[in-house]
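Below you'll find the structure, written out as structure tokens, and then a few comments.
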Amino acid sequence: MTAPATTEQISATVGVGGTNTAADVRVVQDLLNRAARANLAVDGDCGPATREAIRSYQSGFLRVPDGRIDPGGLTLRRLTADAGGRSASPRDTPAATPGPGGGPRLTQFARQGPGHYAYADSERQYGTDTMTQLLTGTAAALHRAGLEMGVGDISFAQGGLMPPHKTHQDGRHVDLRPLRTDNARGPVSIGDPVYSRDGTRVLVESLLANPSVRRVLFNDTEIAGVRSFAGHHNHLHVELGP
Ligand SMILES: [Zn+2]
């Protein structure tokens, strides 16, 4: 079966000392059943059996299992991965579309917001939930630094071939513009006078701080962590893990 890497979402903590909303508890119970054969009733009640199942599952990778699951935290990410991806969730937004071949659903990224603007057509900007989280977090980091990034091609709503790219087929790839010293919303190449290595370094560091980023292709190798690749002098190609 395919295993979407998109992490299941909960709105608040679940487990020992957690907020334990019924909807969140059901998400966790379903994940524990699929990831660890916990055989729990998916009833939204975080009772002793559910709390013990969380602890038991955590003992496989945490030295001190705390029995609690945080939104976006390690236990939730591992549970989702072990469960083979998210289950169909009523909380998926109406804008979400079924992914290619039953893969992750793709959602259109916001055209602009704090720290980002779009430079590709809107139908070419559909990504996985993980992609949306990455771009939102990176844009926020840039915004705090008084910077802004240009977001280019991601994928089509249904995925599939997107010329001229070979990749960009499943919402896990995105092109970003390097930063400019004048902060204008325009293209820039490494050799241009307005190319900002410092700004682009802030961008790269923010991207690489996200564990879901597999690699960043870009030809200014003075910036730590990027990989040189033909044609990547005027954009960064960011790839998420499977
Ligand atoms: Zn690309």
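The values are calculated or read from the model by the stated rules, or taken from the named source; none is laboratory data. Because the structure is a prediction, the values reported are computed rather than measured. Here the Cβ is made from the backbone with ideal geometry for all residues, glycine too, and neighbour counts use every protein chain on show. Heads up: the accessible areas ignore ligands, DNA and RNA and are worked out on the full protein's heavy atoms, side chains in. Shrake-Rupley method; radii C 1.70, N 1.55, O 1.52, S 1.80 Å.
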inquiry  = Could you compute how much accessible surface D182 exposes when probed at 1.4 Å, giving the result in Å² to the nearest 10?
reply    = 80 Å²
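For the stretch 1-73, calculate the relative contact order in percent as a whole number, restricting contacts to Cα pairs under 8 Å that are 6 or more residues apart.
36 percent
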request  = Please work out how much accessible surface E148 shows to a 1.4 Å probe, ignoring ligands, DNA and RNA, in Å² rounded to 10.
outcome  = 50 Å²
key: When the convex hull of its Cα atoms is projected in every direction, mean area for the chain (nm²)   = 14.0 nm²
query = Who wins for biggest fluctuation among L62, L142, L161 in a Gaussian network model of the chain, springs between alpha carbons below 10 Å?
reply = L62
Taking the chain and dividing mean pair separation by its residue count, relative contact order in percent (alpha carbons under 8 Å, at least six apart) = 14 percent
ask   = Using a probe of 1.4 angstrom, how much of the accessible area of the chain is carbon and sulfur, in percent?
value = 51 percent
ask   = Which is the longest run of the chain containing none of the trypsin sites (Lys or Arg not before Pro) found in DSSP loop states (not H, G, I, E, B) with at most 16 other C-beta atoms within 10 Å?
value = 186-242
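How do H168, H143 stack up against each other in accessible area, from largest to smallest, with a 1.4 angstrom probe? Provide the component values of the computation, followed by the final result.
Details: H168 0, H143 105 Å².
The most accessible residue leads, giving H143, H168.
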ask   = In deg cm²/dmol and to the nearest 500, what is the mean residue ellipticity at 222 nm of the chain if only DSSP H runs of at least 4 residues count, each as -39500 (n - 2.57), divided by the residue total?
value = -8000 deg cm²/dmol
ask   = If you roll a 1.4 Å probe over the heavy atoms of the protein chains, what accessible area per residue do you get for the chain, in Å²?
value = 48 Å²
remark   = HN-Hα couplings for the stretch 211-219 via Karplus (6.51, -1.76, 1.60; θ = phi - 60°), in whole Hz with x for Gly/Pro, come out as x, 7, 7, 8, 6, 10, 8, 6, 9
